[in-house]
Amino acid sequence: MNGFFVFADYSIGTIIDTTGPVRDSFTGLWSGSDGNGTNVTGVYSDSLMTNGGSLTLNKHLSMTGKETVSPVLQTQKIIGYSAGDTGSHLISDDSIYTSTNILSNQSKGTLCFGNPYEVSQQSFKGQSASFSIVNARELQLSSTARHIDGNLDYSLNIGNSGVNSTDKYTEGTIITTFTGQSLTNTGEIKLYDRTLISGLIRTFNRLYQGSEDLNIMGSSSGEGFVHDKTIVEKYYTKNETDTSMVSSGTAVYYQDIMTNGGNNDEIRSTSGSESISSERMVTYTSDGDRSIQASEHAVATYLKGSEENSKDLSCVFAGSQSTNTTQSPYKEASAQTGFAGVSSAQISSSTLIRDPENSDALNLEYRADIMIPVGFNSTLMKEMKDPDNDGRFEDLNGNGHLDMHDLVLLFHNFRWIGESNLSLRIDFNKNGRADYADIVTIFHSMNQTQYQ
């Protein structure tokens with residue numbers, strides 16, 4: 001007769017409407033067995049804290065688990081929060097950790113000594129999602145989470161995504177963090193995603209799915225400071241029974257975006273499973289006095305060797321071990337871009353580290369398209385110098401002194417330099433702005449220098 005563990009079904013509702021510090025938390029533990037060697041243990045925790053401000057919380061949590069070894073948990077939160085003038089913070093997180101092991105008779109049909117029952121399969125899943133709200137004057141958000149068999153589906157929505165919502169902003173700082181880990185006998189996948197946006201936030205959406213595959217999708221739109229970072233790591237080994245070969249590999253993907261202001265609209269998706277893939281599109285605009293920096297890196301290795309025999313630790317009558325490394329291809333792709341003093345920029349990129357499966361090929365694809373305004377000259381920015389240390393760039397061509405070539409460069413690049421955060425570095429007449437009178441001033445200065 002097969003056995004099972006029966007969980008009681010229950011639900012908990014929480015309503016809070018208050019001003020001042022708040023702490024609300026829940027923790028659930030479970031363990032179960034199906035009677036056939038499959039054992040599951042897990043823990044789920046949920047918490048919300050504020051150190052002041054006004055909070056409205058409507059939360060519903062339910063657990064169901066009839067005739068299952070792992071319960072189904074569902075949570076939903078609708079939060080309204082205002083820090084006012086107090087500078088208060090709000091922190092909320094959801095996390096779930098589960099482990100599974102399957103016992104089987106490894107010595108069936110063979111002569112073995114000792115305990116014939118071994119753990120044939122083991123797995124661990126750890127998923128967490130958290131967000132922090134810092135000094136938000138008025139904010140409305142909703143989050144939903146569903147946990148089943150150690151898998152976490154989590155969504156977070158802040159702001160309005162409707163057509164007529166372009167003039168509605170949330171003022172404050174939002175920090176979100178998602179972590180995922182899936183560990184089995186044959187490999188491991190990790191994902192880490194962190195986003196910080198501070199300023200005027202129009203929309204902010206995140207969807208995280210954590211199981212054997214780890215996926216994060218997000219979009220955001222607003223004006224202010226942004227720091228967005230994602231890391232995916234993968235390690236695996238495979239026993240290929242058809243070819244008696246053992247293959248292993250590693251892969252790492254990393255992306256990072258930083259701005260010190262301006263308007264930033266971003267859509268991105270990252271997935272880690274048998275393959276690692278990423279797509280992102282960034283549109284950035286400013287008044288020319290802000291900067292954006294974006295980087296993306298991907299590294300992968302693939303190692304393939306022969307296997308003469310498979311040594312079984314549970315039996316004394318076993319063969320030899322795996323040997324012979326046949327090849328170890330290595331591939332890397334990376335891109336790094338930095339824009340200072342541009343009025344607009346667009347970045348679109350895609351990365352794919354494809355699972356080699358049973359072939360010798362390691363496939364890593366990377367593509368990036370970058371568009372910036374006509375006239376922007378990144379080389380010129382690197383060559384600009386201030387030979388007399390007065391805070392202004394007299395030497396634009398980098399040859400160590402002021403000459404006619406500097407005047408020509410200033411004339412041809414005057415528009416984008418004047419609209420950038422470098423504008424005061426060419427304010428030669430010291431009137432507090434960049435204008436064509438500065439070209440006349442530097443021209444007279446050049447003539448005076450020549451006749452001295």
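Within the stretch 207-220, being under 17 Å from residue 279 (Cα atoms) and surrounded by fewer than 23 Cβ atoms within 10 Å (Cβ to Cβ) holds for 207, 209, 213, 215, 217, 218, 219.
Scan the stretch 25-44 and give yes if some residue there is within 29 Å of residue 170 (Cα to Cα), among the hydroxyl-bearing types (Ser, Thr, Tyr) and surrounded by 17 or more Cβ atoms within 10 Å (Cβ to Cβ), otherwise no. Within the stretch 25-44 (the criterion being within 29 Å of residue 170 (Cα to Cα), among the hydroxyl-bearing types (Ser, Thr, Tyr) and surrounded by 17 or more Cβ atoms within 10 Å (Cβ to Cβ)), the answer is no, since none of the residues qualifies.
There is at least one residue in the stretch 251-265 that is closer than 16 Å to residue 192 by Cβ and among the acidic types (Asp, Glu).
Remark: residue 237 matches the filter, which requires a residue to be surrounded by fewer than 19 Cβ atoms within 10 Å (Cβ to Cβ) and part of a strand (DSSP E or B).
Note on the stretch 5-24: among residues that are loosely packed, with under 15 Cβ neighbours inside 10 Å and in a loop (DSSP other than H, G, I, E, B), the one that is modelled with the highest pLDDT is 9. Checking 80, 65, 37, 32 one by one, the residue that is of a type outside the set (A, V, I, L, M, F, W, C) and modelled with pLDDT of 80 or more is 80 and no other. Those helices (runs of 4 or more DSSP H) of the stretch 344-452 in which 1 or more residues are over 40 Å from the mean Cα position of the chain (by Cα) and modelled with pLDDT under 80 occupy 404-412, 437-451. For the condition at pLDDT 80 or above and either farther than 19 Å from residue 204 by Cβ or crowded, with 17+ Cβ neighbours inside 10 Å (or both), residue 103 does not qualify.
The values are calculated or read from the model by the stated rules, or taken from the named source; none is laboratory data. Everything quoted here is computed from the prediction, not taken from an experiment. Virtual Cβ from ideal backbone geometry, glycine too; neighbours counted across all protein chains shown.
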